[in-house]
Amino acid sequence: MITQAPRGVEDWYGDSMHKRSVIEKLARELADTYNMSEIITPIFEHTVLFQRGVGETTDVVQKEMYTFTDKGNRSITLKPEGTSPVMRAYLEHNMYAEPAPTKLYYVTPAFRYEKPQSGRLRQHHQFGVEFVGSKSPLAEVELITLITTLIGKLGLKDAKLHINSIGCANCRKTYNEALCHYLKQHEYKLCPTCKERMQKNPLRVIDCKVDACKEIVKDAPRTIEYLDTECKEHWEELKLLLDELNIPYEIDTGIVRGLDYYTKTVFEFVNSEGFTLCGGGRYDGLIHEIDEKQDIPSVGFGMGIERILYFLEKEGVELEPKKPIQLYVGILGKEAKAKAYKLVNEVRSNQIIVETDYMDRSVKAQMKYANKLGAKYTVIIGTQELDDNRAKIKEMDTGEQIELALDEIAEYIIKQNN
């Protein structure tokens, strides 16, 4: 139907749009205080970027990408996540030539073909950060601190940090051997996808959402038991830093994240029902995966705007309301339109919200409309007011009125708003 949006997408307007704007404003302001710069990447990229970066054995690449062939016979994909495009931009524009680290944030749409559900849409929106150039666990801690601060500013209570380490390519080999040995004992129970993953990327089996596979991996070996010296030192330092900063966390060895580019630290903020607000971690090999000439460590996270809204609704948290209309300027007669709108424009130039009549309503209808809008003050300007060069300003809550010269009204409203 022409008048109905495709399944799994939303129109943003009214109260939901206001809430989204408040969230994005808080996120941008907070990122600015961490000296992060905003980046906008295209909505679509070459498909190979996600195949190499995200990983061909992930659910995202195998099942969830919106991929098509364009008129130039190129394979193009609507971006399913924000990290790979930012890394591509980082390399394309030689940002590595600037002093490290590079800290970038974004608010972006992302596209996943999956069953629409609460807090998860086919077109959703993410606030994310990419911290490029540092091997130190302090980089992870900075992002975790930013998320913790944002959660506090939003007023959310039920979102706890879960952390894990999945090691690096070096210790992953030993772990994969142990995991495969375990999985082979239960191979006949695994879903067809996981049987294939066993051969190509065993770690992905841990992330499977099929109940039978989830039951099997409960007793599987954990990455944290197979860390090499470097990864273990990184892991211990991360925990020490979090402890020193009094940031509570839970070690959750079930977290491996759904994308192949993660190494060492992975983390999620999860509520008491196990619903994930956001997730991220370290991906020291991603840039090398995209461009083999480069080898630069990175860490980042993505937080879904829709997920935030779900959490806010779940906890009954109200964001700051939309700013009220301070003044409604009623118009009576064609002769008064220019003078009335001049007043509207003058007050608006001081960042004060003003509304007026565009529908040629009667005075009674205009006052009813002003009351519905919740205007704090009203004033009617008609032929009589023009002749007298005076008008009455009414405070709607109290009904009190004050008469002023027309040229004094703007200054009066501006003072009341300060």
Requested in this report: Return a whole-number percent for the relative contact order of the stretch 327-416, with Cα pairs under 8 Å and 6 or more residues apart as the contact set.
Outcome: 33
Requested in this report: Normalising by the residue count of the stretch 260-369, find the relative contact order in percent from Cα pairs under 8 Å and 6+ residues apart.
Outcome: 17
Query raised in the report: Can you list the aspartates and glutamates whose alpha carbon sits under 14 Å from that of residue 323, skipping same-chain ones fewer than 8 residues off?
Result: 15, 355
Query - Positive-end extreme of charge dipole, the chain - chosen from 229, 267, 296 (charges on Cβ) - result: 267
Query raised in the report: For the chain, what is the largest minus smallest coordinate of the Cα atoms on each principal axis, given in angstrom and ordered from greatest to least?
Result: 92, 53, 44
Requested in this report: Principal axes first, then extents: for the Cα atoms of the stretch 139-264, list largest minus smallest coordinate on each axis, whole Å, largest first.
Outcome: 48, 33, 22
Report summary line: Checking 322, 239, 334 against a Gaussian network model of the chain (alpha-carbon springs below 10 Å), the top fluctuating residue turns out to be 334
Query - Percent RCO, i.e. relative contact order, over the chain, from Cα pairs under 8 Å lying at least 6 residues apart - result: 15
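Only sites in a loop by DSSP and with at most 13 other Cβ atoms within 10 Å count here; which chymotrypsin sites (Phe, Trp or Tyr not before Pro) in the stretch 7-108 make the cut?
On the way: sites: 12, 13, 34, 44, 50, 66, 68, 90, 96, 105, 106; in loops: 12, 13, 34.
Counting only loop positions with at most 13 other Cβ atoms within 10 Å, the chymotrypsin sites (Phe, Trp or Tyr not before Pro) in the stretch 7-108 are 12, 13.
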Query raised in the report: Hey, what's the chain come to in accessible area per residue, 1.4 Å probe, Å²?
Result: 52
Query raised in the report: How far, in degrees from 0 to 90, does helix 363-373 lean away from the longest principal axis of the Cα atoms of the chain, to the nearest 10?
Result: 30
Query raised in the report: Using a simple charge model, +1 on the beta-carbon of Lys and Arg, -1 on the beta-carbon of Asp and Glu, nothing else, what dipole does the stretch 89-187 show about its Cα centre, in debye to the nearest 20?
Result: 360
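Given Cβ point charges of +1 (Lys, Arg) and -1 (Asp, Glu) and nothing else, what value in debye, to the nearest 20, does the dipole of the chain about its Cα centre take? Kindly include the intermediate steps, with their values, before the conclusion.
Working: 56 positive and 65 negative charges, 249 e Å.
Using only the charged Cβ atoms, the result is roughly 1200 debye.
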**Report entry** Projected area, mean over directions - the stretch 144-183, Cα convex hull, nm²
**Finding:** 4.5
Requested in this report: Determine the share of the chain's accessible area contributed by carbon and sulfur atoms, expressed in whole percent, with a 1.4 angstrom probe.
Outcome: 49
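Can you list which of the trypsin sites (Lys or Arg not before Pro) found in the stretch 60-135 are DSSP loop residues with at most 16 other C-beta atoms within 10 Å? The partial results should precede the final answer.
Numbers: sites: 63, 71, 74, 88, 103, 112, 120, 122, 135; in loops: 71, 74, 112, 122, 135.
Those that pass, being in a loop and sparsely packed, are 71, 74, 135.
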Query raised in the report: Going through the stretch 317-386, which chymotrypsin sites (Phe, Trp or Tyr not before Pro) have at most 10 other Cβ atoms within 10 Å and a DSSP loop state?
Result: 358
Requested in this report: Under 1.5 on a/c is rounded, so check that first for the stretch 1-151, then, if it is not, pick prolate when a/b is larger than b/c and oblate when it is not; a ≥ b ≥ c are the square roots of the alpha carbon gyration tensor eigenvalues.
Outcome: oblate
Report summary line: For residue 314, the lysines lying under 22 Å Cα to Cα, once residues fewer than eight places off in the same chain are dropped, come out as 19, 25, 115, 153, 157, 160, 322
Query raised in the report: Sorted by mean Cβ packing within 10 Å, highest first, what order do the peptides 408-417, 137-146 take?
Result: 137-146, 408-417
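Would you mind classifying the stretch 327-416 by shape? Square roots of the alpha carbon gyration tensor eigenvalues, ordered a ≥ b ≥ c; an a/c under 1.5 is rounded, otherwise it is prolate if a/b is larger than b/c and oblate if not. Before the final figure, lay out each step's value.
Details: a/c = 1.23, a/b = 1.04, b/c = 1.19.
Rounded shape, in that the Cα axes give a/c under 1.5.
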Query raised in the report: Could you give the distance between the Cα centres of the stretch 259-335 and the stretch 86-163, to the whole Å?
Result: 7
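The values are calculated or read from the model by the stated rules, or taken from the named source; none is laboratory data. Bear in mind the structure is a predicted one, so any value in this text is a computation, not a measurement. Neighbour counts are summed over all protein chains in view; Cβ atoms, including those assigned to glycine, are modelled from backbone coordinates with ideal geometry. Keep in mind that these areas ignore ligands, DNA and RNA; they rest on the heavy atoms of the full protein, side chains included. Shrake-Rupley method; radii C 1.70, N 1.55, O 1.52, S 1.80 Å.
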